[in-house]
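Only one structure is covered here, and it is reproduced in the block below.
Throughout, read-outs are computed from the coordinates displayed, never taken from laboratory work. Given the structure is predicted, the values throughout are model-derived calculations rather than measurements. Note that each Cβ is placed from the backbone with ideal geometry, even for glycine, and that neighbours are counted across all protein chains shown.
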Amino acid sequence: MGLLDFLRSRPKNTATLATERLRIIVAQERATNGRPDYLPLLRRELLEVIRKYVNVDPDAIDIHIQREGTSDVLELSVALPEKLRAAAAAKAAAPAGEN
Amino acid sequence: MTETIVVTSGKGGVGKTTTSASLAVGLAQRGKKVAVIDFDVGLRNLDLIMGCERRVVYDFVNVIHDECTLKQALIKDKRIETLYVLAASQTRDKDALSKEGVERVLDELVKSNFDYVICDSPAGIEKGAALAMYFADRAIVVVNPEVSSVRDSDRILGLLASKTRRAELGKGGVEQHLLLTRYNPGRVANGDMMGINDVKEILGIEVIGVIPESPGVLTASNAGVPVILDTESDAGQAYADAVARLCGEQRPLRFIQAQKKGLLARLFGS
């Protein structure tokens, strides 16, 4: 039996697989743990409101809560579609000179 | 100064009670006055592992409900002078423990000059587990080198960093130590089991001990003798090393190398 085992090709290293899977899931869970439960709902409703005015991608909204000293900061970023962003940049550039 | 240490893990069956019993005995053997408390209300087992199940008259919940004094409920160990066991209640519901009640018992242990209070946490993240960790100064997180145990332990580390009195008072949270149990160096060498450094790196805390998978653990629990008292067994010796490290001594990890098989054993199996 021992000789057969020795000659047989080695199976895949499952310990490495376990480590890789855990690294990913633990990092993901650390990022979401401690966040308020309402974040997914808030994200969805915000998206609905924004889409009334601008046609943004469902994945374009990013919500983070960060602890800064004694207060929590809710950070919201919305990536606007390519065309609108160019227009917004041109608008922003124009009055900048006057200030 | 009394130091409160919680033995916790998230996942069940990884060796919390075995660890609590052995750490308590190991510290008491060094002359420290030690109380070990079972927080697993409804599923008490520490009394069996300590071998004092027939001497339980009053329990933790009786003390909290003022049905007896703490002195009456503390069971004095027959082997070591300075060791006491406080059993969990077997019948009451989970709400039998309250934060105020637990605090009162721990305060009384401080006043009675205990050096260490070991809190044996139940599995899970419910009330019993939350209360076992709340008042802790240090935490021993017991982990098996296995995916579900490691993931659950990470969850517990998050709770230790936020849901404890030390964290709430801004004292920098609870000092966390990793204790790997059921470690099988042969399987690690074969690539079938995660190694010490893999687990350590994922969880990001220091290792206080590695307990090898050992037949001694079962025979010890059969007999109601904490495995640390079995000085012949590798697990017992590994627990003694962990206690020494807990007390600040430097000791190299033992029993972490695979036993080399001879040529004949390799060819014909063992």
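Dipole of chain B, Cα-centred, from +1 at each Lys and Arg C-beta and -1 at each Asp and Glu C-beta, to the nearest 20 debye?
The calculated dipole for chain B is roughly 460 debye.
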Quiz item: Rounded, prolate or oblate: which fits the range B:144-270 when a ≥ b ≥ c are the square roots of the eigenvalues of the alpha-carbon gyration tensor, with rounded for a/c under 1.5 and prolate only if a/b beats b/c?
Solution: prolate
Practice problem: Starting from the Cα gyration tensor of the range B:29-149, take the square roots of the eigenvalues, sort them a ≥ b ≥ c, and report rounded, prolate or oblate (rounded when a/c is under 1.5, otherwise prolate if a/b is larger than b/c, else oblate). | Solution: rounded
Quiz item: Going toward the positive end of the dipole of the range B:1-81, with +1 on Lys and Arg Cβ and -1 on Asp and Glu Cβ, which of B:ALA73, B:VAL63, B:LEU46 do you reach last?
Solution: B:LEU46
Self-check item: Stokes-Einstein D (µm²/s) once Rh is taken as the Kirkwood radius of chain B over alpha-carbon pairs, at 10 °C in 1.306 mPa s
Solution: 84
Quiz item: Nearest 20 debye, what's the magnitude of the dipole of the range B:182-242 about its Cα centre given +1 on Lys and Arg Cβ and -1 on Asp and Glu Cβ?
Solution: 120
Quiz item: How many partner chain Cβ atoms sit within 10 Å of a residue's Cβ in peptide A:14-25, on average, as a whole number?
Solution: 6
Quiz item: How far, in degrees from 0 to 90, does helix B:99-111 lean away from the longest principal axis of the Cα atoms of chain B, to the nearest 10?
Solution: 90
Quiz item: What longest range of chain B stays clear of loop-exposed GluC sites (Glu not before Pro) (DSSP non-H/G/I/E/B, at most 13 other C-beta within 10 angstrom)?
Solution: B:127-205
Quiz item: Relative to the present Cα-Cα distance, how much length would full extension add between B:GLU175 and B:LEU253 at 0.36 nm per residue of separation?
Solution: 26.1 nm
Quiz item: So which of B:LYS11/B:LYS78; A:LYS12/B:LYS260; B:LYS71/B:LYS99; B:LYS76/B:LYS200; B:LYS33/B:LYS171; B:LYS71/B:LYS127 end up more than 27 Å apart, counting from Cα to Cα?
Solution: B:LYS11/B:LYS78; B:LYS76/B:LYS200
Quiz item: Build a GNM of chain B with springs between Cα atoms under 10 Å: which of B:ASP115, B:ASP107, B:ASP234 gets the top mean-square fluctuation?
Solution: B:ASP107
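Provide the net charge surrounding B:GLU175, with neighbours chosen by a C-beta distance below 15 Å and charges set as Lys +1, Arg +1, Asp -1, Glu -1.
Details: positive: B:ARG138, B:ARG165, B:ARG166, B:LYS171, B:ARG245; negative: B:GLU3, B:ASP137, B:GLU206.
Neighbour charge sum, excluding B:GLU175 itself: +2.
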Exercise. Can you find, among B:VAL36, B:THR91, B:VAL147, the residue farthest towards the positive end of the dipole of the range B:33-148? Put +1 on the C-beta of Lys and Arg, -1 on that of Asp and Glu.
Key: B:VAL36
Quiz item: Rounded to the nearest 5, what is the percent of antiparallel bridges among the DSSP beta bridges in the protein assembly as shown?
Solution: 25
Quiz prompt | Formal net charge of residues neighbouring B:VAL199 (Cβ-Cβ distance under 14 Å; K, R +1; D, E -1) | solution = 0
Practice problem: Could you give the size of the charge dipole of the protein assembly as shown about its Cα centre, using +1 on the Cβ of each K and R and -1 on the Cβ of each D and E, expressed in debye and rounded to the nearest 20? | Solution: 820
Quiz item: What are the semi-axes of the equivalent ellipsoid for the protein assembly as shown, taken as the square roots of 5 times the Cα gyration tensor eigenvalues, largest first, in whole Å?
Solution: 46, 32, 17
Self-check item: For B:LEU27, net neighbour charge (Lys/Arg +1, Asp/Glu -1) across residues whose Cβ lies under 11 Å away
Solution: +1
Quiz item: GNM on chain B, C-alpha springs below 10 Å: top fluctuator among B:VAL174, B:VAL243, B:VAL147?
Solution: B:VAL147
